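Heads up: the structure comes next, in structure tokens.
The values are calculated or read from the model by the stated rules, or taken from the named source; none is laboratory data. This is a predicted model, so every value here is computed, not measured. Quick reminder, even Gly has a Cβ in these numbers, built from the backbone with ideal geometry, and neighbours come from all protein chains shown.
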Amino acid sequence: MDRSGKLPDKINNSGRRIQHPELEDEVYKRYEDRQKASKPTREFDLQRMAIAVAAERGVTGFKASKGWVGDFRQRRGLVLRVTTKIGRKFAQTEGDKIQEEFFLHRIFKAVFINNPHPYLIMNMDQTSVRLQNTYKKTLSPKGAKEVRVVQPPGDPECLTVCLTISANGWKFPASVVFKGNKKTGKQSPRILNKLEIPENVRIFSTHSGWWNSAFDRFWIKETFDERHDGGTLIRDRAPAHGSFENVGVNFPFKSYLRKSYHLWRDNCTAVTKSGYLKKPSRQDFIKFVSEAWEKIKVSTIENSFVGARIMPEPLYMLASQEEILDSPDDLERSFECSFSSVEDSFSEE
């Protein structure tokens with residue numbers, strides 16, 4: 001099979017000649033059209049397309065059986081995979097394109113004309129992560145009728161983690177938002193005093209556990225303190241995030257997070273009084289986040305800025321904070337402009 005998915009010799013893997021090569025070519029062409037349209041495709045979709053093509057071309061006696069589908073998949077190199085990304089739009093609208101151009105214009109002015117130090121070019125992004133972060137697949141003997149694993153009961157709890165980075169590869173402590181008290185929205189001192197919080201993690205809480213506009217303003221003041229010339233903060237939901245921190249940083253972060261949960265599950269034997277496996281504690285989750293954030297490399301962060309066209313090239317020679325600023329306190333003077341659709345929601349409480 002060549003790169004286009006065609007079989008030049010029209011011979012299958014067993015050496016037998018394919019009965020309807022033109023039909024298979026047309027089915028594969030329609031499959032490619034579905035791929036371009038980002039439509040999910042299952043085996044019964046191949047059967048429907050094959051039966052339709054057979055009817056259109058007057059092919060009689062063709063049933064598009066499961067055996068044919070299996071052979072077709074093998075010949076064309078098609079495998080059933082877990083979806084790795086779910087989009088919300090088919091393509092950019094005119095408004096999206098205008099917004100992106102405006103964003104890039106602001107970036108050009110803030111980064112290339114003002115020319116701040118790479119440490120002062122920052123990006124923040126909130127991401128929702130699951131406390132019970134399981135893998136969707138597990139190894140199993142071929143032909144097994146049941147594949148059973150034991151996980152903690154209940155729906156997986158979602159928590160918010162904010163990751164903030166600088167163009168020189170510097171990582172700010174990861175901000176974890178827990179669900180707080182119903183009245184105050186805060187964690188009780190009794191709980192906080194029991195937690196061991198690593199240096200690369202900060203703990204916050206809100207009523208819902210989500211990152212809302214009121215908490216957004218609070219977080220900015222807590223993190224940056226003052227607004228002076230020289231710095232740029234790119235906010236969540238800015239146009240560059242699609243190929244920026246979401247892909248460049250969040251994806252490996254979540255992969256490391258899932259692995260940390262998997263290793264925790266390997267060693268977890270504690271059960272409740274009813275015999276159910278205990279869920280990870282807040283302390284466990286803080287450890288998961290700390291380990292995952294620690295594994296994100298400087299080069300990964302720098303390359304994400306380059307991939308988003310915010311920096312022209314990685315800055316591997318400026319990786320350590322000591323080489324960047326005379327004092328870490330200079331960060332307080334690093335906040336000048338912030339632009340994102342988050343700003344439009346500041347009036348919402």
- Scan (1) crowded, with 20+ Cβ neighbours inside 10 Å; (2) modelled with pLDDT of 90 or more; (3) touching a helix residue (DSSP H, G or I) at 6+ places or on another chain (Cβ under 8 Å); (4) within 25 Å of Lys137 (Cβ to Cβ) for the single condition Glu291 breaks and write down its number. (1)
- Item | region 29-53: number of residues that are aromatic (Phe, Trp, Tyr) and either farther than 16 Å from Lys66 by Cα or in contact with a strand residue (DSSP E or B) (Cβ under 7 Å, 6 or more places away or on another chain) (or both) | 1
- In region 16-30, what count of residues is obtained for those that are charged (D, E, K, R) and part of a loop (DSSP other than H, G, I, E, B)? 1
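Looking for whichever is in contact with a helix residue (DSSP H, G or I) (Cβ under 9 Å, 6 or more places away or on another chain), in contact (Cβ under 8 Å) with a residue 40 or more places away in the chain, crowded, with 18+ Cβ neighbours inside 10 Å and not hydroxyl-bearing (Ser, Thr, Tyr) here; the options are Asn200, Asn168. Which one fits? Show your work before the answer.
Numbers: Asn200 fails: crowded, with 18+ Cβ neighbours inside 10 Å.
Unique residue meeting the criteria: Asn168.
When region 31-64 is examined, which residues are found to be among the aliphatic types (A, V, I, L, M) and outside any loop (DSSP other than H, G, I, E, B)? Can you show your working first?
Let us first name the residues in region 31-64 that are among the aliphatic types (A, V, I, L, M), namely 37, 46, 49-55, 59, 64.
Once the filter is applied, which keeps residues that are among the aliphatic types (A, V, I, L, M) and outside any loop (DSSP other than H, G, I, E, B), region 31-64 yields Leu46, Met49, Ala50, Ile51, Ala52, Val53, Ala54, Ala55.
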- Message: I'm trying to understand the selection: among the residues of region 165-187, which are more than 18 Å from Asp284 (Cα to Cα) and either modelled with pLDDT under 90 or among the aromatic types (Phe, Trp, Tyr) (or both)?
- Response: Ser166, Ala167, Asn168, Gly169, Trp170, Phe172, Asn181, Lys182, Lys183, Thr184, Gly185, Lys186
- Query: Across region 99-158, which residue is surrounded by the fewest Cβ atoms within 10 Å (Cβ to Cβ) among those that are part of a loop (DSSP other than H, G, I, E, B), within 23 Å of the chain's Cα centre (by Cα) and β-branched (Val, Ile, Thr)?
  - Reply: Thr138
- Query: Taking region 204-223 only, how many residues are assigned to a strand (DSSP E or B) and either exposed (fewer than 14 other Cβ atoms within 10 Å of the Cβ) or small (Gly, Ala, Ser) (or both)?
  - Reply: 1
- Output the residue which, of all residues in region 249-287 that are in contact (Cβ under 8 Å) with a residue 40 or more places away in the chain and under 16 Å from the mean Cα position of the chain (by Cα), is farthest from Val150 (Cα to Cα). Val249
